[in-house]
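Student: The following block contains the structure, expressed as structure tokens.
The values are calculated or read from the model by the stated rules, or taken from the named source; none is laboratory data. Just so it is clear, the structure is predicted and the values come from calculations on it, not from any experiment. Ideal geometry is used to build each Cβ from the backbone, glycine not excepted, and the neighbour counts take in all protein chains shown. These area figures cover heavy atoms from the full protein model, side chains too; ligands, DNA and RNA do not enter into them. Shrake-Rupley method; radii C 1.70, N 1.55, O 1.52, S 1.80 Å.
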Amino acid sequence: MIPLSSLGGGAARPPAAGAPGLVPLGSLGGGAPAPGGAPPPFMAPPSGAPPTMAPPPGGPPGSAPPADAPGGESTPAEKKSEEDPSTTLAEVGKEAKEYLDVLMPISIPHNPEDDRPVPKIARCLEDGSDLFKIFDVDMHKFDPKAARKTYHKLQAILHPDKLGREATPADQARFTKLRQAFTVIMDDQMRAVYRQHCYGIAGSGGIAAQGHDNALSKSLEMGRDLRKMGEDRAIVLHKAAETGWAVKTQDKDGRTMNQDGRKQAHQFNLFGDISSSDDEADLEKERRSMTIAQILEKSPKYADLFLEKVKPIMLDPKISNAAAGGAFTMLEKPEIEEFLNQGPKSLQKLLRKVRASVKQMNWAMTTLLQQKESPWRGLEVRASLVEHGTVKFLEIMRSAIAVGKFSAVHVDEFAKLLDNMHRLYMDIFERRGQELLRSAIAAELQVIYVLPESGGRLPDGTRIILQDLQARADLNGKKGTVTGWDYFIQRYNVDVDQEDANANQNLPANPDLMSDDLDDADDDEEEEVTTKLAVPKKLMVQPKNVQVDLTLPLKKLEGMSKDWNAWMNRPRSVSASQDAEAVAAALGPPLQSMAGYLQEAASALAAGVAGGRDGADLIAFECRESLQGARNLAAKLLGEEPQEPPPPPSMTEPPPALVPVKADDPMSRVLKEAAEVAAAGIDIKRRDKTPKKKKDRSRSRRRRRHRSSSS
């Protein structure tokens, strides 16, 4: 079935002036012809011109006017058309293709001057044949596949683009007639109406057979009505989706009754759950494949995203006051009702973004709940409160938007949500700063051990570049990873990066694109074949054959510097009892100094990467000084004593072996006793959980009970 909405236009949309093959309403039953504009075939010209082409009122479609029609006077039908232009099918200002509506009556014009022979297979559209004969289908057992096959066969003949010439008005009208017939026969309701009026219904209350033309007119009229109903319903639903609706009843005097009969929020879904992020499904996929290490790495990004989404709410003038140094102070009595009413749709979108960010962050927090390395331990409950509060307020917010007013319930719920959101914002802000400071301290250990003159060997996992290899000069420039150090022969164990075998295939996918010279390769001279040695997976090299790849430490320092600048410029919350200017003056210079240290270290490493083999020697001192200053300042801001980093791994002394604890050691005895106590406690709990079996009654007792019952 072809949906009526796909046929274009509104119900009974009139065709354009000048569209070929269209009949005015006046010619369909006494209506008036078209008013001014370009005169289409069989329509009256504009007022003032002699109506030489206008059909008489009530005449059949396509009939010519009488020869003795007065030249300068307009007929009553023309006057009626000028007064009421809506009674015609012509409309000025649109193209004709917009008015070739398949649900409107269509006639095929015949011009003797430009008359062309019609294919025999297409004459059924003009000789009054019924639709079932046109499409060669059985009206009792309708086959849509057979009808569609016939339609495509006729379409290949009648389509204006497949005629091989410029289509005439008759050709366009004939093709529109075919589309009209196909639309009627493929729609179940329109086909049923056509069949009833074309062949009739026997018996009392039946319908007499009216023929093809009248049956087609009835089915098209019903199609226009259905399309009009669909458009009206779409308009009503659109208005309801924007403003909502209420069930109202009126008494006999027109007064509104049942004022409290409005639909509740759960009875309609005017504002559906629209995700704040288009890739929520992708995030769900990403969660399933992430390991604990990856979650620890990405959880700071989730926290930064939450702080960024909550910031517009925290900085609103009705919620907080701006303070010195980019800080803000929460109002004692925020103007929540005014804040909700100033932009409910914008607030709804903002809360959806907050909901998505806090869901992602809360998932990471709960996943890392048992990990000691988690920087968010203790914030899981507060994050859950914010998540559930946001979801709940978004649900009750729909009814307020539909009604257009926020009640006291909305104000109270948003006040609770705002308080939890502010507390979580302060905790996340503080934890994020502490995490960045500890990362700055750890960054020194990751960099100074790989710089020259560190006094030790490279740690395991360091990325290196092979150089000055004489036996395997083809491996110079290859990258690898240090996996160990042999203390006896003083060499590094290196895992060499392997190249993808399919990455360097330059042959075209299509063999026909290959050069013709390959066909005559046998006749040419034989080329020299060089044997390419395989790249080993593991290699042992001396320290002089290793150059440290500073790209990875550079990326980490640049990312840390970027995150620090973003955190430093993010607004912090200051209580009303604190002096915002004093806090800004105390924290401003140290934070700026930390940003300077990180930026200097990153710039030094970038210069070392650009310097090549001797770059690390040139920037070693400057990089150490910058990282040392960042480490001391970070320890001071954390309230700790600065500690010198431990020495790098030695090149001559292996790490101390693990010595088993002696049996007579007091510590071993304490650990053994603790293990025995724990095992005993587990055994007791297991025994308590085992169900106790009921004791079987003795045989003599059963006999006594049996005797007493029988007596």
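Student: Which is more than 28 Å from GLY639 (Cα to Cα), in a loop (DSSP other than H, G, I, E, B) and free of Cβ contacts under 8 Å to residues at least 60 places away in the same chain, of GLN370, GLN470? First the steps, then the outcome.
Tutor: Numbers: GLN370 fails: more than 28 Å from GLY639 (Cα to Cα).
Matching residue, one of GLN370, GLN470: GLN470.
Student: Of the residues VAL482, VAL494, only one is within 24 Å of THR652 (Cβ to Cβ), at pLDDT 85 or above and touching a Gly at 6+ places or on another chain (Cβ under 6 Å); which? Step through it out loud before you land on a result.
Tutor: Numbers: VAL482 fails: touching a Gly at 6+ places or on another chain (Cβ under 6 Å).
After ruling out the rest, the residue left standing is VAL494.
Student: Evaluate region 300-307: report whether one residue or more is modelled with pLDDT of 80 or more, touching a helix residue (DSSP H, G or I) at 6+ places or on another chain (Cβ under 8 Å) and closer than 19 Å to LEU394 by Cβ. Break it down into steps so the answer makes sense when it comes.
Tutor: Pass one, region 300-307, residues modelled with pLDDT of 80 or more: 300-307.
So of that shortlist, the ones also touching a helix residue (DSSP H, G or I) at 6+ places or on another chain (Cβ under 8 Å) come out as 300, 302-307.
The next check asks that each one be closer than 19 Å to LEU394 by Cβ; those that pass are 305-306.
Looking through region 300-307, at least one residue is modelled with pLDDT of 80 or more, touching a helix residue (DSSP H, G or I) at 6+ places or on another chain (Cβ under 8 Å) and closer than 19 Å to LEU394 by Cβ.
Student: Would you point out the residue of region 390-414, among those that are open to solvent by 40 Å² or more (accessible area, probe 1.4 Å) and aliphatic (A, V, I, L, M), that is farthest from the chain's Cα centre (by Cα)?
Tutor: To start, the set of residues in region 390-414 that are open to solvent by 40 Å² or more (accessible area, probe 1.4 Å) comprises 391-392, 395-396, 398, 403-405, 407-409, 412-413.
Adding the requirement that they be aliphatic (A, V, I, L, M) leaves 391, 396, 403, 408-409.
Working: VAL391: 19, ILE396: 24, VAL403: 29, ALA408: 35, VAL409: 32 Å.
Taking the candidates together, the pick is ALA408.
Student: Collect the residues in region 637-669 that are under 57 Å from the mean Cα position of the chain (by Cα), modelled with pLDDT under 85 and small (Gly, Ala, Ser), keeping them in residue-number order.
Tutor: SER650, ALA657
Student: Which residues, counting only those in region 178-198, are over 17 Å from ASP136 (Cβ atoms) and assigned to a helix (DSSP H, G or I)? Walk me through it before giving the result.
Tutor: Of all residues in region 178-198, those over 17 Å from ASP136 (Cβ atoms) come to 179-180, 183, 187-190, 192-193, 196-197.
Of everything in region 178-198, those that are over 17 Å from ASP136 (Cβ atoms) and assigned to a helix (DSSP H, G or I) turn out to be ARG179, GLN180, THR183, ASP188, GLN189, MET190, ALA192, VAL193, GLN196, HIS197.
Student: Give the number of residues within region 620-639 that are in a helix (DSSP H, G or I), without any contact (Cβ under 8 Å) to a residue 60 or more places away in the chain and open to solvent by 60 Å² or more (accessible area, probe 1.4 Å).
Tutor: Here the count works out to 4.
Student: Within the set of pairs 6+ apart or on separate chains, which have a first residue in region 121-137 that is in contact (Cβ under 8 Å) with a residue 12 or more places away in the chain and surrounded by 13 or more Cβ atoms within 10 Å (Cβ to Cβ), a second that is assigned to a loop (DSSP other than H, G, I, E, B) and not polar (S, T, N, Q), and C-beta atoms under 8 Å apart?
Tutor: Hits for this filter: LEU125/ILE108; GLU126/ILE108; GLU126/VAL118; PHE132/ASP138; PHE132/MET139; VAL137/ASP143.
Student: Looking at region 102-133, which of its residues are in contact with a Leu (Cβ under 8 Å, 6 or more places away or on another chain), modelled with pLDDT under 90 and assigned to a helix (DSSP H, G or I)?
Tutor: ILE121, ALA122, LEU125
Student: Please state which of the following conditions PRO300 fails to meet, knowing it meets all the rest: (1) open to solvent by 30 Å² or more (accessible area, probe 1.4 Å); (2) within 21 Å of GLY433 (Cα to Cα); (3) part of a helix (DSSP H, G or I).
Tutor: The number of the failed condition is (1).
Student: Now a separate question. When you go through GLU380, GLU373, GLU387 one by one, which is the residue that is among the acidic types (Asp, Glu), under 16 Å from LEU296 (Cα atoms) and surrounded by 14 or more Cβ atoms within 10 Å (Cβ to Cβ)?
Tutor: Values: GLU373 fails: surrounded by 14 or more Cβ atoms within 10 Å (Cβ to Cβ); GLU387 fails: under 16 Å from LEU296 (Cα atoms).
Of GLU380, GLU373, GLU387, the one residue that is among the acidic types (Asp, Glu), under 16 Å from LEU296 (Cα atoms) and surrounded by 14 or more Cβ atoms within 10 Å (Cβ to Cβ) is GLU380.
Student: Among the numbered criteria (1) at pLDDT 80 or above; (2) over 19 Å from GLN547 (Cβ atoms); (3) in a helix (DSSP H, G or I); (4) open to solvent by 60 Å² or more (accessible area, probe 1.4 Å), which one does ASP617 miss?
Tutor: The one condition ASP617 does not meet is (2).
Student: Sticking with this one: Can you pull out every residue in region 449-473 that is open to solvent by 10 Å² or more (accessible area, probe 1.4 Å) and either within 43 Å of the chain's Cα centre (by Cα) or more than 17 Å from VAL546 (Cβ to Cβ) (or both)? Break it down stepwise before answering.
Tutor: Of region 449-473, the ones open to solvent by 10 Å² or more (accessible area, probe 1.4 Å) are 449-450, 452-463, 465, 467-473.
Selection gives ASP460, GLY461, THR462, ARG463, ILE465.
Student: From VAL574, VAL535, which residue is open to solvent by less than 40 Å² (accessible area, probe 1.4 Å), in contact with a helix residue (DSSP H, G or I) (Cβ under 9 Å, 6 or more places away or on another chain) and over 20 Å from SER593 (Cα atoms)?
Tutor: Details: VAL535 fails: open to solvent by less than 40 Å² (accessible area, probe 1.4 Å).
Of VAL574, VAL535, the one residue that is open to solvent by less than 40 Å² (accessible area, probe 1.4 Å), in contact with a helix residue (DSSP H, G or I) (Cβ under 9 Å, 6 or more places away or on another chain) and over 20 Å from SER593 (Cα atoms) is VAL574.
Student: Here's another thing I want to ask about it. So for region 325-341 (the condition being closer than 19 Å to PRO571 by Cα, in a helix (DSSP H, G or I) and in contact (Cβ under 8 Å) with a residue 60 or more places away in the chain), does at least one residue qualify?
Tutor: yes
Student: Identify the single condition in (1) farther than 25 Å from LYS333 by Cα; (2) surrounded by 19 or more Cβ atoms within 10 Å (Cβ to Cβ); (3) out of contact with any Cys (no Cβ under 9 Å at 6 or more places or on another chain) that ARG431 does not satisfy, given that it satisfies every other one.
Tutor: ARG431 satisfies all of (1) farther than 25 Å from LYS333 by Cα; (2) surrounded by 19 or more Cβ atoms within 10 Å (Cβ to Cβ); (3) out of contact with any Cys (no Cβ under 9 Å at 6 or more places or on another chain) except (2).
Student: Can you tell me how many residues within region 547-562 are touching a residue at least 60 places away in the same chain (Cβ under 8 Å) and in a helix (DSSP H, G or I)?
Tutor: Of the residues in region 547-562, the ones touching a residue at least 60 places away in the same chain (Cβ under 8 Å) are 547-553, 556-557, 560.
In the following step, the residues that additionally are in a helix (DSSP H, G or I) were identified as 551-553, 556-557, 560.
Number of matching residues: 6.
Student: So, in region 303-317, of the ones that are within 16 Å of GLN360 (Cβ to Cβ) and in contact with a Ser or Thr (Cβ under 7 Å, 6 or more places away or on another chain), which residue ends up surrounded by the most Cβ atoms within 10 Å (Cβ to Cβ)? I'd like the intermediate steps shown before the answer.
Tutor: First pass over region 303-317, keeping only residues within 16 Å of GLN360 (Cβ to Cβ): 303-310.
Then drop every residue that is not in contact with a Ser or Thr (Cβ under 7 Å, 6 or more places away or on another chain), which leaves 305-306, 309.
On the way: LEU305: 18, PHE306: 26, LYS309: 19.
Only one residue fits best here, namely PHE306.
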